[in-house]
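Novice: Dumping the structure here so I can ask a few things about it.
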């Protein structure tokens with residue numbers, strides 16, 4: 001009998017704590033598969049965030065650290081500098097990375113810290129119950145923007161890939177989505193690229209995943225996918241923002 | 001031991017930390033500790049270590065968290081307002097049982113305060129400045145030599161208890177030059193040996209199957225039953241530290257002391273001068289100087305209050321913080337007097353002497 005699909009070795013046996021239809025399970029799996037395929041699990045350490053994926057340190061089957069809210073890139077910096085021989089990744093949500101942790105992410109990127117950042121953007125705070133995120137869309141209703149996000153009052157959603165790729169140091173920046181099988185295949189390629197670049201010591205890499213939160217959006221998982229395609233894509237354009245491996249002179 | 005060199009406290013503690021095996025240092029500039037970060041920026045590359053000027057105090061302490069999670073000797077330093085920013089990270093270090101060293105070169109507060117020496121961060125340091133149930137061993141040096149020596153002491157304690165340790169100095173100790181003698185530089189082999197003691201829990205290369213391990217650096221325990229056990233274990237650690245790690249100096253202490261003084265750090269140096277002068281004039285004044293202000297030497301103070309002691313006198317560069325611990329030790333047996341200076345102003349030995357004379361006079 002031939003095994004054609006199985007649980008990646010880089011995931012533990014624990015059942016995910018995510019809601020039905022949540023895309024965290026997909027992004028966890030993609031990262032774990034990439035770790036397996038690149039044979040990096042024994043040399044990888046990850047940093048989990050605060051948010052729905054706070055338990056990521058239990059799910060990835062490599063050495064893991066749990067960081068304070070937003071501080072994962074700083075913790076990863078300390079780990080990478082202490083163990084330059086190891087590969088380090090962070091897994092962060094939009095509140096963690098683009099609100100409370102803006103300083104840490106920008107400066108880790110600006111130092112060209114040799115880490116992979118996996119950024120989950122679902123435009124909402126999931127774990128605390130659906131509050132407005134820095135990436136919440138204009139007019140989108142959340143439990144702390146009950147009348148819709150008023151951009152005149154609170155500003156526009158932060159576009160992280162655009163922001164990070166305005167810096168010179170980052171090596172690879174790409175926005176992918178988890179909204180269809182084709183998108184997931186593309187996302188996997190981006191994850192592999194990012195981890196491979198880090199394995200080769202090329203520099204800072206960031207992959208943003210346009211994701212959904214059916215529970216806090218108040219939608220079925222399929223409606224959430226449809227809503228995200230219609231509403232998030234115009235603001236969060238998919239594609240590559242930086243790939244120094246394609247540039248001359250690197 | 002090598003020969004004595006004349007050095008600022010800030011530089012001496014940095015040099016001593018490198019000699020003690022610290023190869024990872026992360027900090028943000030702030031007066032009056034800037035010589036420390038500058039020294040590290042010069043010397044860490046020569047020691048083949050990591051120096052990062054972090055984007056903030058918060059980032060710096062979290063870099064320490066990451067490096068300490070890898071079982072390496074890591075340090076950060078700052079001055080009062082910056083130490084406030086580090087409190088989040090210190091709480092996480094304590095919760096995750098991580099060894100680390102934090103140097104506070106105190107200045108006047110609250111708020112932005114000023115840049116002169118002060119002792120206003122005593123409560124923050126010894127009563128737990130961050131959230132949750134935790135304690136930190138707090139070393140309070142009073143000379144540049146002690147400041148330097150406290151680095152290896154702090155790293156040894158941090159390793160022994162897997163816990164963050166604070167060195168509580170101030171702008172005077174940081175800026176002042178005194179002769180200092182250093183311990184020899186630890187060799188690469190010695191440092192590797194130190195790191196090995198953490199291999200059973202820290203992040204290090206996973207072993208291929210079947211020895212593959214999954215180590216977690218973490219302070220989160222969402223199940224209250226598990227968190228309860230975790231915090232109880234932390235409490236047991238603090239009990240052991242309280243029993244084993246008190247350290248204090250007894251100065252001119254005898255059974256006939258009329259007044260027992262208590263002071264730490266820079267304040268204690270000034271009190272010593274006043275005590276010396278009064279004792280040559282025929283009075284009998286003793287001094288207890290806590291060298292570590294947590295765990296606090298309550299019993300040493302209690303023991304020093306003989307039947308002849310009429311008063312206990314506390315001197316601090318704040319509005320009166322350590323005095324609360326002194327009162328706990330004295331437990332109402334004799335009156336506890338206080339003299340403090342704030343705003344980064346020091347008292348002179350003459351002022352202390354005059355104050356002690358007044359208190360002696362009250363007894364006549």
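Bear in mind these aren't lab numbers, they're just calculated from the coordinates by the rules spelled out. Predicted, not measured: the structure shown is a model, and the values here were computed from it. Here Cβ is always computed from backbone atoms with ideal geometry, including for glycine, and neighbour counts include all displayed protein chains.
Novice: Using the number of other C-beta atoms within 10 angstrom as an exposure proxy, rank A:77, A:142 with the fewest first.
Specialist: A:142, A:77
Novice: Beyond 29 Å, how much of the Cα-Cα pair distribution for the range B:5-196 remains, as a whole percent?
Specialist: I get 11 percent for the Cα pairs in the range B:5-196 exceeding 29 Å.
Novice: Given a cut-off of under 8 Å on Cα pairs at least six residues apart, what relative contact order in percent is computed for the range B:249-363?
Specialist: Answer for the range B:249-363 is 31 percent.
Novice: Once you place label points 7 Å from the Cα toward the Cβ at residue A:150 and residue A:19, how far apart are they in nm?
Specialist: Those two pseudo-labels are separated by 2.6 nm.
Novice: Further, regarding this structure: What nm value, rounded to one decimal, do you get for the distance between residue A:12 and residue B:327 when each label is placed 7 Å out toward the C-beta?
Specialist: Taking the simple label geometry, residue A:12 and residue B:327 are separated by 4.7 nm.
Novice: Could I ask something else about it? Let me see the P(r) profile for the range A:134-250: every Cα-Cα distance counted, bins of 10 Å, each bin given as a percent of all pairs.
Specialist: Here the calculated profile for the range A:134-250 is 13, 37, 31, 16, 3, 0.
Novice: Kindly express, to the nearest 10 degrees and within the range 0 to 90, the angle between helix B:265-280's C-alpha long axis and the longest C-alpha principal axis of chain B.
Specialist: In chain B, helix B:265-280 runs at an angle near 30 degrees to the longest axis.
Novice: Given the Cα atoms of chain B, and with Rh set as the inverse mean 1/r over their pairs in the Kirkwood sense, what is Rg to Rh to two decimals?
Specialist: 1.00
Novice: Full extension from residue B:342 to residue B:283: what is 0.36 nm times the residue separation minus their Cα-Cα distance, to one decimal in nm?
Specialist: 18.4 nm
Novice: Give me log10 I(q)/I(0) at q = 0.07 Å⁻¹ for the protein assembly as shown, Debye formula, one equal scatterer per alpha-carbon, no solvent.
Specialist: -0.49
Novice: Given 0.36 nm per residue, what is the gain on full extension from residue A:141 to residue A:189 after removing their alpha carbon distance, in nm?
Specialist: 14.0 nm
Novice: Any idea how far apart residue B:212 and residue B:357 come out in nm if each label point goes 7 Å out from Cα toward Cβ?
Specialist: Result: 7.8 nm between the two label points.
Novice: Only bridges with both residues in the range B:100-253 count here: give the DSSP antiparallel percent, nearest 5.
Specialist: 10 percent
Novice: Report, to one decimal in Å, the Kirkwood hydrodynamic radius for the range B:4-116 based on all distinct Cα pairs.
Specialist: 14.0 Å
Novice: Further, regarding this structure: Which FRET efficiency, nearest 0.05, do residue B:188 and residue B:156 yield, Cβ-Cβ r, R0 25 Å?
Specialist: 0.85
Novice: Add -39500 (n - 2.57) for each DSSP H run of 4 or more in the protein assembly as shown, then divide by its residues: what number comes out at 222 nm, to the nearest 500 deg cm²/dmol?
Specialist: After summing the helix terms and dividing by residue count, I get -11500 deg cm²/dmol.
Novice: Enumerate the residues in the range B:68-110 having an amide nitrogen under 13 Å from the point lying 7 Å beyond the Cα of residue B:131 toward its Cβ.
Specialist: Once the point is set 7 Å along Cα→Cβ of residue B:131, B:87-92 turn out to lie under 13 Å by backbone N, inside the range B:68-110.
Novice: Still on this model: By how many degrees, between 0 and 90 and to the nearest 10, does the Cα long axis of helix B:9-19 differ from the longest principal axis of chain B?
Specialist: Once rounded, one gets 40 degrees.
Novice: Give the order of A:237, A:186 when sorted by the count of other beta carbons within 10 angstrom, beginning with the fewest.
Specialist: So the residues, fewest neighbours to most, are A:237, A:186.
Novice: Apply 1/(1 + (r/R0)^6) to the Cβ-Cβ distance of residue A:39 and residue A:222, taking R0 = 35 Å, and write down the FRET efficiency to the nearest 0.05.
Specialist: With R0 = 35 Å, the Cβ-Cβ based efficiency is 0.45.
Novice: Another one. What do you get for the angle between helix B:57-69 and the principal long axis of chain B? Use alpha-carbon atoms, 0 to 90 degrees, nearest ten.
Specialist: With rounding to tens, the tilt is 60 degrees.
Novice: Here is a follow-up. Would you kindly work out the equivalent ellipsoid of the range B:1-66 from its C-alpha gyration tensor and give its semi-axes, the square roots of five times the eigenvalues, largest first in whole Å?
Specialist: After diagonalising the Cα gyration tensor, the semi-axes are 21, 14, 9 Å.
Novice: A further question follows. How high is the relative contact order of the range B:309-355, in percent, counting Cα pairs under 8 Å that sit 6 or more residues apart?
Specialist: For the range B:309-355, the relative contact order is 44 percent.
Novice: Also, quick follow-up: Given chain A reduced to its alpha-carbon atoms as identical point scatterers, what log10 I(q)/I(0) does the Debye formula return at q = 0.16 Å⁻¹?
Specialist: -1.16
Novice: What's the FRET efficiency of residue A:3 with residue B:196 using the Cβ-Cβ distance as r and R₀ = 41 Å, to the nearest 0.05?
Specialist: 0.60
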